[in-house]
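Okay, handing you the structure first.
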Amino acid sequence: MVQQKFIRDLFWLQLLNWLIKPVWILVLENTVQNRLGEELYGSYFVVFNFSLLFTIIMDMGMNSMITRETASGHNPRLLWKSAFPAKLLLSIAYTACTLLIGWSQHLSTSLLFVVILNQMLLQWILFFRAYLQGAGKGRIDAWFSVLDRVVAIVLCLAWIQGSLFSGKEGLLLFALSQTAGYGFALILISIQVNRLVFRKAAAPVDSGSGTLHMFEVLRSSLGFALLALLMAGFTRIDALMLQLLREDGTYQAGLYARGFRLLDAGLIFPVLMSTLLLPAFTSKTGDKKELTRLAETGGVLMFLMALPAAAIGFAYAGPLMSLLNPESAGKDFEGIPVLAWLMLAYLPMSLVYVYGTLLTAMKRLRLLNVVALLAVGLNIALNLLFIPRFGALGTAWSAGLTQAFFCLNCIWFSRGALEGMPGKYLPAIFILALVCALLAWFLQYLGLAWYVQVAGALGTWSLLLITGKLHPDLHLKQFLSVRDA
């Protein structure tokens, strides 16, 4: 049954990514920033986020379309025949566009070249992974979701031990280590997709011009492309606006990068879950009851993960920042409130990966694009209002409000595809959260260390879910079991 496979693949994907990616985000990137300093790493963060704004030019929504079409039973070799030349053309267009605009913004040329190359390699890896996801090769896809980071971690650790890892040279070595990781993963995944997907598919029937097919693919992907561009706009434009609106823009971007790092690590779970949800939702669009059950599974799992993470990130931002930046320990560090408010944005951002994915599978792209366009306008307006006075903290406020706006709209418009309004478990979840919050407050009242408070609250959260003692609707074993229709 779809639920059983979804849970198995999700577990495997999450296991590998939680073993590897937190090491990259919270340990290695943090070590690099501590070694290089706020301003120098802030300059990298600006270039990196700038390059992300235009990655949609390389994708144009093709990855989502390939996953959806392959999961629907379309011939992957026929899709490849049309998508491959389009991908090459779009990669060239992305490089030209990003370089020209980057030079006009006086970004570092050498760093910009390497970051663009990294984005190109990553997009080609995601392109091949779309075939694996659509073909239901979840476990193999899981390995390729972390392979590039494993290689980059090994290389970066080697470089950090040397004397060259300082200043602009160190920053460039950090970027080139990622290049090597992406290149190695791309070679291996291209071999595996050819072996596991293309060779097992029937030979495509020649039905006309390849150029015509290419433009058909691009035209059918425009809705996905616009959505990805708009979502990148209200998620990644913050760092660039900090640099443009503040004299100390690179320093403020460095502060924002420290706070965003923990948020980025937390997004591992929802991002990976969405890669499994899209083909699963697509395969059940004709079965409203099964679609509702699958959305219920994804939504509740996401909420149960995101709510405690957001609460802990907000309440214990000071101790968490001290772990990420030991120099801030015991000080009134500017990055602490930035981290706290960014972590509140984690809850709506996570739920978007369920209900936004559902609307994508239902082909409600026009609706999603309208909502995303409104979110972009809201984000820019809030940043213009907050950044000049509050800097990175204002950007964190803007991010939280924008993500909440987009999330609530996705949930509201999902109700038409489901049997009932999403959220019947919310009262029980909030009761559970209240119990755990009161326990954490009591442990704080006893004067226990912050990590004891967190462990106590999370332990209680897990125990009540496993046993179902607080509320029968939140008995985790019963909820995850596969029920007969």
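Using DSSP loop states and a limit of at most 10 other Cβ atoms within 10 Å to flag trypsin sites (Lys or Arg not before Pro), what is the longest stretch of the chain containing no flagged site?
201-482
So for each of 397-408, 345-356 I average, over its residues, the number of other beta carbons within 10 Å; can you give me the resulting order with the highest mean first?
In decreasing order of mean packing, 397-408, 345-356 become 345-356, 397-408.
With runs of 4+ DSSP H residues as the only contributors, calculate the mean residue ellipticity of the chain at 222 nm using -39,500 (n - 2.57) per run, divided by the residue total and rounded to the nearest 500.
Details: 23 runs with 385 residues, N = 485.
Result for the chain, helices only: -26500 deg cm²/dmol.
On to the next question. What percentages make up the Cα-Cα pair-distance distribution of the chain when the bins are 20 Å wide from 0?
Taking every Cα pair in the chain, the percentages come to 22, 58, 19, 0.
Positive end of the charge dipole of the chain (Lys, Arg +1 and Asp, Glu -1 on Cβ, about the Cα centre): tell me which of Ala180, Tyr353, Gly249 has its Cα farthest that way.
Tyr353
Same structure, new question: I'd like the distance separating the alpha-carbon centroids of the stretch 26-82 and the stretch 83-112, in whole Å.
Their Cα centres are 13 Å away from one another.
Now a separate question. Using a basic spin-label model with each label point 7 Å from the Cα along Cα→Cβ, how many nm lie between Leu196 and Thr285?
Result: 2.5 nm between the two label points.
Something else: Suppose every Lys and Arg Cβ carries +1 and every Asp and Glu Cβ carries -1, with no other charges. What dipole size does the chain come out with about its Cα centre, to the nearest 20 debye?
Values: 35 positive and 24 negative charges, 286 e Å.
For this selection, approximately 1380 debye.
If each residue of separation counts as 0.36 nm, what is the full-extension length gain between Leu448 and Leu88 once their alpha-carbon separation is subtracted?
Additional length available on full extension: 123.8 nm.
Could you tell me which of Cys156, Cys436, Leu10 has its Cα farthest along the dipole of the chain towards the positive end, charges placed at Cβ (Lys, Arg +1; Asp, Glu -1), taken about the Cα centre?
Result: Leu10, furthest along the dipole toward the positive end.
Mind ordering 98-107, 51-60 by average Cβ neighbours within 10 Å, highest first?
51-60, 98-107
Counting other beta carbons within 10 Å of each residue's own, what order do Asp148, Asp9, Asp264 fall into, fewest first?
Asp264, Asp9, Asp148
What is the chain's relative contact order, in percent, from Cα pairs under 8 angstrom and six or more apart in sequence?
19 percent
I would also like to ask the following. Using 1/(1 + (r/R0)^6) with R0 = 41 angstrom and r between the beta carbons of Leu100 and Arg415, what's the FRET efficiency to the nearest 0.05?
E(calc), rounded to 0.05, equals 0.40.
The numbers here are math on the coordinates, done by the rules we state, and not lab data. Keep in mind it's a predicted model, so treat the numbers as computed, not measured. Note that we place each Cβ from the backbone using ideal geometry, even for glycine, and neighbour counts take in every protein chain shown.
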